[in-house]
Amino acid sequence: MRLLNLYICFFLLFAAQAAVAKKSVVQLSGVVTAANRQPVEYASVRLKNTRYGDLADDKGAYRLSAPAGEYVLVVSAVGYRTVEQPLSLRGEQALSVAMKPDEKDLDEVVVVGKTSVRQVNESAFNVVAIDAKPLHNTSMSLTHALDRVSGVKIRETGGVGSRTQISLNGFSGRHIKVFMDGIPMEGMGSSFQLNNIPVNLADRIEVYKGVVPIELGADALGGAINIVTRRQRSTYVDASYAYGSFNTHKSNLSVGHTTKSGLFFQINAYQNYSDNSYRIKTKLLDLNTNSYSPDERWFRRFHDSYRNEALAARVGVVRKPWADRLTLGVTLSHEKADIQNANLMQIVYGGRERSAGSVIPSLSYEKRNLMTPNLNLLLTATYSRSRNSSTDTLPRQYSWSGEYREKRSKGEGQYSMSEYDNETFYATANLRYRIASRHSFTLNNLLSDYSRKATDAAANAENSTAATFMRRTNVKNIAGLSYRFSPSGRWNASAFAKRYDVLVRGPVNVSTTTTAAYEEQEKPFSTTGYGVTATCYLPASLQLKASLEKSYRLPSENELFGDESLETGDASLKPENSYNLNINISSNQTLGRAHAVYFDLGLIYRDTRDYIRRQIEQRYGGAYYTNHGKVRNLGFDVEARYFYGRAFSAGGNFTFQDIRNMERYAVGGRELIYYKDRMPNVPYLFGNVDASYHLNGLFAAGNVLSVGYNMRYIHAFFRSWESEGGNVVIPGQLSHDVTLTFSLRNGRYHIATEVRNLTDELLYDNYSLQKPGRSFLIKLRYFFFKQ
């Protein structure tokens, strides 16, 4: 019914647009390209001495509306000569413009124009955009690509398909919101998430540290990540297959085509499989005495296979009078995973497993110059239905040797044979209006409706509680309004406000004893957040950014209701709130004709209340969530990078974050011994170094041999409160990865090899949860592109 209502709204909108199109207003559209036929991104296209114009997108496409008449078309872009061309508008026209480089020899100059990545980096927000295309020859998932960004730390619990947690400037997990093309990924199911999506699906990745633009409609506290997928208006085929250690197989196929009439389709399909049979070092359980060995020994994982398949298809139209882009899509995904161990490595399983599958239809509509110049509209709707199951029925207790003993009770951990459905609906509406060139207003609204229900009474019957069949719903609406003032190209500033409304319904444990007593409760919450951002350009190619925000982060579905496997939820959790301050200074400049340097220094301050903290229960190794009063974070991250033409680049980033407990007294008035301690189990010092070299013309013109190196460092940190005698330390780690890629025939064929964890170090992101040792992988890729 929700989607039907949206279809009706879209139909009425199309009808209104068609009526406008019948008037004397004429549509002009086309593509701005360079001499090599590559698109010129974000070129300014306008009719001289009028208010009619447009800004080309990242594919060079533009569309504007104006009354019929005689004009002069003016096209300009950084790094290119301005084009002025007489134009007679009498009816709908298509006009493509070819631009020539300016006086500089752009083949030798390192930085030319403003790409979509550079435009994002130079906005007033504390944001880093990374170009995903150079990583398409690797076997990386999106999480591994993010691990190279300053201030970002990816924490994995194991190998391929393992649960991951993103840490950004000290905040992790659900503090960080993840989007794909502006749509929240929170409700898309575990079978379609960053840990299993290949990097080939992304065109670029935007990482917002702190203040998040209202266009994303996020209730993020620590930042947000937006995956921008491919939107080529062309014909392309991208196919790859990779095989590696631990019987790992990864394949990917992406196909897209746009006709001259504007009809397009895109298909993305991928699969992942791995035995994850790497060796780990831990203590052995004696099944007779139920005690652990004093020393650690090496064992091979024997129950940790993972497989995942997904298909994402889109069809739509572009460059129409009533729509710049209309897209219908559907995503199908499935995963099945063995569960080898609990959140503590010593607790091992031999029969636990989980599975999930999702069906996600979507609809997107974009229209620039909606009925009047400079008024742009974006509407999206997504519905996700995810079926999940968790099975733990074997009456056994395993040891890492693979041996087991029979138990009287069912289940290796806590007996479970559950099946449930998650349903999530998202709808966004974004309206942006620009007045002249100085003022712009944006209005955005995000509505989300989440519900979970048990689907198989028989499967849940044996281990159900009073809470099993209680309703679990989470309805959120986040409305935002922003104003941007851009008096010149030297500086701009924005102010915004967000309204949060939420209604949570679910089981709450109201017992005052050790015996649980659940009651279904409904809990509303409403509040308002606000903030400002500004940026200015200083002499010596320096850019200064600053942002201040009062933000809120609403508890996620997993925090409220658990995952029915290894995590327990709490529907009574309070929203987090925080004052966030970011200050950044950066420089991006060329030195001569072949050298370029980039530098960025960011300072962060966070004052957070009702911080939601994830904790590990020791007996069964499960996880649960609690509100923790006050947390303060002071830190910085720095990144530096050097480029020598297109042949060599090297750089690195370093992050320090001092996250302290500022809650001095317990509920009863007792002073806490860990007051001003660092928050436990959170890395506070880490960094990356990378370098790449490209040898062009090897054996033949159009061939490139590329060698890449990446080093990661994490300083040791405490697992528990330091002042409580926390002597369990997650050790410092240093790891190295090497890649070798040979590309032939101007990038059509690629052969890549990777060595991860070259020195075979013991690596941990979480206490005792060891990651894979040294591994090898080879990848074959075919890429065809036609403009």
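A few notes on this one:
- Helix 2-21 and the longest principal axis of the Cα set of the chain meet at an angle near 10°.
- Per residue, in Å², the accessible surface of segment 193-273 once ligands and nucleic acids are set aside, probe 1.4 Å: 27
- Around residue 154: net Lys/Arg minus Asp/Glu count, Cβ-Cβ under 9 Å: -1
- Take the Cα of residue 485, go 7 Å toward its beta carbon, and the backbone nitrogen atoms of segment 519-534 under 18 Å from that spot belong to 531-534.
- Annotation: amide H of residue 60 within the under-5 Å range of 42, sequence separation 5 or more or interchain, hydrogens built in the peptide plane.
- Dipole orientation for the chain: of the candidates 236, 511, 489, 489 has the Cα lying most toward the positive pole (charges on Cβ; Lys, Arg +1; Asp, Glu -1).
- Burial ranking of peptide ranges 427-438, 306-317, 193-204 (average Cβ count within 10 Å, highest at the top): 193-204, 306-317, 427-438
- Share of Cα-Cα pairs in the chain lying beyond 55 Å, as whole percent: 10
- At q = 0.16, 0.20 Å⁻¹ the log10 of I(q)/I(0) for segment 406-449 amounts to -0.68, -0.79, computed by Debye summation with a single uniform scatterer per C-alpha, solvent ignored.
- Charge tally for residue 659 (other residues, Cβ to Cβ under 9 Å; Lys, Arg +1; Asp, Glu -1): +3.
- Signed unit charges on C-beta, dipole axis of the chain, positive-most listed residue 188, 34, 591: 34
- For segment 368-425, the convex hull spanned by the alpha carbon atoms encloses 129 Å³ per residue.
- Here's the list of aspartates and glutamates a cross-link from residue 498 could span, going by alpha-carbon distance under 17 Å and ignoring same-chain residues fewer than 8 apart: 215, 219, 549, 576.
- Mean residue ellipticity, 222 nm, helices only, the chain: the sum of -39500 (n - 2.57) across DSSP H runs of n ≥ 4, divided by residue count and rounded to 500, is -1500 deg cm²/dmol.
- For the set 133/250; 133/320; 59/133; 367/550, the pairs lying more than 25 angstrom apart at their alpha carbons are 133/320; 367/550.
- Mean-position separation - Cα centroids, segment 255-319 and segment 709-760, in angstrom: 18
- Radius 9 Å from Cβ of residue 440, net charge of other residues (Lys, Arg +1; Asp, Glu -1): +4
- A Cβ-based charge dipole, computed about the Cα centre of the chain with Lys and Arg at +1 and Asp and Glu at -1, lands at about 1880 debye.
- For the chain, the fraction of 1.4 Å probe accessible surface lying on carbon and sulfur atoms is 57 percent.
- Gain in span if fully extended, residue 439 to residue 410, counting 0.36 nm per residue against the direct Cα distance: 3.9 nm
- Gained length - residue 759 relative to residue 746, 0.36 nm times residue gap less alpha-carbon distance: 1.3 nm
- For the chain, with +1 on Lys and Arg beta carbons and -1 on Asp and Glu, the positive-most of 149, 375, 226 along the dipole: 375
- Placing +1 on the Cβ of every Lys and Arg and -1 on the Cβ of every Asp and Glu, with nothing else charged, gives segment 659-787 a dipole about its Cα centre of roughly 600 debye.
- Whole-percent P(r), segment 139-276, all Cα pairs, 10 Å bins from 0: 11, 38, 33, 16, 2.
- Segment 207-284 gives an Rg/Rh value of 1.18, both radii derived from C-alpha positions and Rh following Kirkwood.
- Counting only Cβ charges, +1 for Lys and Arg and -1 for Asp and Glu, the dipole size of segment 375-501 around its Cα centre is about 820 debye.
The values are calculated or read from the model by the stated rules, or taken from the named source; none is laboratory data. Just so it is clear, the model here is predicted, and its values are computed rather than measured. Cβ coordinates were reconstructed from backbone atoms using ideal geometry, including for glycine residues, and neighbour counts include every protein chain displayed. Heavy atoms of the whole protein, side chains included, go into the accessibility calculation; ligands, DNA and RNA do not. Shrake-Rupley method; radii C 1.70, N 1.55, O 1.52, S 1.80 Å.
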